[in-house]
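Engineer: Handing you this structure, nothing more for now.
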Amino acid sequence: MKHYDVGIIGGGISGIMCAYELIQHKPDLKICIFEKGNSILDRKCPLTENKISKCGNCPTCAIMEGFGGCGSFSDGKYNFTTEFGGWLNEYISNNHVMDLIEYMDSILVEFGATTKRFSTQTPKAREIGKLALQNDLHLLQAEVKHLGTENNLRIMTNIFHYLTNKIEIQHKTEISDISQLNNQYMLTSTVEEYSCDYLICAVGRVGSEWFTSMCRKMHVPLTNNQIDLGVRVELPYEIFSHITDEVYEAKLHYHTKKYNDLVKTFCMNPKGHVVTENTVGVLTVNGHSYSDEKLKSNNTNFALLVSNKFTSPFNEPLKYGKYIATLSNMLGDGVIVQRFGDLIKGRRTNEKRMSKSFTNPTLLSANAGDLGLALPKRHLDNIIEMIYKLDKIAPGTANYDTLLYGVEVKFYSARPQLNNFLETKYPNFYAIGDGAGITRSLSQAAASGIYAARNILKKM
């Protein structure tokens, strides 16, 4: 049985930053990252490489799993704020969170990231915020850095090469069980068993269901998080250009008049592309954008998400989101795309109607269909109301040919009870990142990994 000083389950941004910080201060530590997916050098998706026409449900998803996590194939948007992106400020102060994010950014810059940032505090951005308020929309305040999909992958690869010379990384190693024995943690995989003195769970969104099951098995108290469910909107770049040229990503929140539900824009991608993700066994949509002008599209895409937090007696938000996504997959044989005008008219978009659209879809594998058969009426009502609101500040959003892809789901793990050091009730057992339900962004996930590492170092 192999023994490590520190075992980290999950090779996403939180686990990576945790390992990086530990090794910077104690280079002799024996650290291992256990990653279910492939090395970043071997992460290749047959769908994105046009080798197959639709998702083949690979044993491990190259887009969602592997070193770097799902963030490796994102476009690398890092937000500098505590207004959104997670709940790390429930454990430490806002200033401390921001210090950790700034430190994380210095690491990214060291490995090749740009120093350019967009801000909501410029004079033009404040005018956008004013226009939003005049229409009952609220622009959240933040700075954002956009690395670009191709640059983000390069930076993660640089970090991978750096770490491989200093720690052990076990790829294609799925941890199936955790137990505690004699003040050590025993990890069981399909291949062998491992032990470690300090254990960090950094499983990401993909591993959230598994992590929840481990917490229940070990009697770690859990609190259900929200689930965000909706669609991805795609429209011509020019419609939002006056906003995205200034702030790049506008986080706009709105409480609907019909239900008083929160609807928000999320993951805005100017001149970007809509893509599929294999999330917990179902196909969902997402978006990204390149930095290289030659790789950009003529469209902008963003998510419109309705936030739901379930109360007793229902306590399975993950299963609920998965059910809606599965229904959409069944109806559309994968991802559904529908014109906004067809949705309003209550009719299905078919290939003939799609061929007349002035907005050309960037996700060619999506099938024309009817989102009204997949999403609950309450969600559709909220999304439609939000689109008409956005049309007030970005005229053209409610055009007939605006495309809606479905469904998009953001799964957040049930949050384990943690102390202010991100430690469970078990000594030296920490939970970090999106998989622990305490973050929902690259920035705060990375910050949580650094913070946990520093707390471990204080114990050593």
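Engineer: Of all residues in segment 91-123 being aromatic (Phe, Trp, Tyr) and either touching a helix residue (DSSP H, G or I) at 6+ places or on another chain (Cβ under 7 Å) or not in a loop (DSSP other than H, G, I, E, B) (or both), which is nearest to residue 438 (Cα to Cα)?
Structural biologist: Here the answer is 103.
Engineer: If we keep just the residues of segment 86-143 that are crowded, with 16+ Cβ neighbours inside 10 Å and of a type in the set (Asp, Glu), which is nearest to residue 247 (Cα to Cα)?
Structural biologist: For segment 86-143, the residue satisfying everything is 143.
Engineer: List the residue pairs whose Cβ atoms are under 6 Å apart, where the first residue sits in segment 116-142 and is in contact (Cβ under 8 Å) with a residue 40 or more places away in the chain, the second is acidic (Asp, Glu), and the two are 6 or more positions apart or on different chains.
Structural biologist: The qualifying pairs are 119/143; 124/246; 125/246; 140/83; 141/83.
Engineer: Here is a check on your reading of the model: is residue 418 in the same structural domain as residue 91 (by TED's automatic domain parsing) and either of a type in the set (Ser, Thr, Tyr) or in a loop (DSSP other than H, G, I, E, B) (or both)?
Structural biologist: Yes, satisfied.
Engineer: Residue under question is residue 84, and the condition is that it be within 27 Å of residue 174 (Cβ to Cβ), touching a Ser or Thr at 6+ places or on another chain (Cβ under 8 Å) and part of a loop (DSSP other than H, G, I, E, B); does it hold?
Structural biologist: Criteria not met by residue 84.
Engineer: Being at pLDDT 95 or above, in a loop (DSSP other than H, G, I, E, B) and out of contact with any Cys (no Cβ under 6 Å at 6 or more places or on another chain), is that true of even one residue in segment 163-183?
Structural biologist: Yes: segment 163-183 contains one or more residues that are at pLDDT 95 or above, in a loop (DSSP other than H, G, I, E, B) and out of contact with any Cys (no Cβ under 6 Å at 6 or more places or on another chain).
Engineer: State whether one or more residues within segment 144-151 are in a helix (DSSP H, G or I) and of a type in the set (Asp, Glu).
Structural biologist: yes
Engineer: Further question: Please verify whether residue 149 is surrounded by 13 or more Cβ atoms within 10 Å (Cβ to Cβ), among the hydroxyl-bearing types (Ser, Thr, Tyr) and touching a His at 6+ places or on another chain (Cβ under 9 Å), treating the condition exactly as stated.
Structural biologist: yes
Engineer: Could you please find all residues in segment 371-392 being surrounded by fewer than 16 Cβ atoms within 10 Å (Cβ to Cβ) and outside any helix (DSSP H, G or I)?
Structural biologist: 376
Engineer: Test residue 327 against the criterion of being touching a residue at least 60 places away in the same chain (Cβ under 8 Å) and on the phi < 0 side of the Ramachandran plot, and give yes or no.
Structural biologist: Spelling it out, it is not the case that residue 327 is touching a residue at least 60 places away in the same chain (Cβ under 8 Å) and on the phi < 0 side of the Ramachandran plot.
Engineer: Filtering segment 205-230 down to residues that are touching a strand residue (DSSP E or B) at 6+ places or on another chain (Cβ under 9 Å) and more than 18 Å from residue 440 (Cα to Cα), which residue is surrounded by the fewest Cβ atoms within 10 Å (Cβ to Cβ)?
Structural biologist: Here the answer is 217.
Engineer: Also, quick follow-up: Got a sec? Which strands (runs of 3 or more DSSP E) wholly within segment 187-274 have at least 1 residues that are under 24 Å from residue 338 (Cα atoms) and not acidic (Asp, Glu)?
Structural biologist: Of the strands (runs of 3 or more DSSP E) lying wholly inside segment 187-274, those with at least 1 residues that are under 24 Å from residue 338 (Cα atoms) and not acidic (Asp, Glu) span 227-236, 252-255, 262-269.
Engineer: Could you tell me whether residue 396 is surrounded by fewer than 21 Cβ atoms within 10 Å (Cβ to Cβ), in contact with a helix residue (DSSP H, G or I) (Cβ under 7 Å, 6 or more places away or on another chain) and among the small types (Gly, Ala, Ser)?
Structural biologist: In short, yes.
Engineer: Being surrounded by fewer than 22 Cβ atoms within 10 Å (Cβ to Cβ) and closer than 20 Å to residue 256 by Cβ is the filter here; which residues of segment 325-353 pass it?
Structural biologist: Correct list: 344, 346.
Engineer: Only residues that are of a type in the set (D, E, K, R) and touching a Gly at 6+ places or on another chain (Cβ under 8 Å): list them for segment 146-192, please.
Structural biologist: 154, 172
Engineer: If residue 304 passes every condition in (1) in contact with a helix residue (DSSP H, G or I) (Cβ under 8 Å, 6 or more places away or on another chain); (2) more than 17 Å from residue 376 (Cβ to Cβ); (3) modelled with pLDDT of 95 or more; (4) in a strand (DSSP E or B) but one, which one does it miss?
Structural biologist: Only one criterion in (1) in contact with a helix residue (DSSP H, G or I) (Cβ under 8 Å, 6 or more places away or on another chain); (2) more than 17 Å from residue 376 (Cβ to Cβ); (3) modelled with pLDDT of 95 or more; (4) in a strand (DSSP E or B) is unmet by residue 304, namely (2).
The values are calculated or read from the model by the stated rules, or taken from the named source; none is laboratory data. Note that the structure is a prediction, hence the values are computed from the model and not measured. Cβ sites come from the backbone with ideal geometry, for glycine too, and all protein chains shown count toward neighbours.
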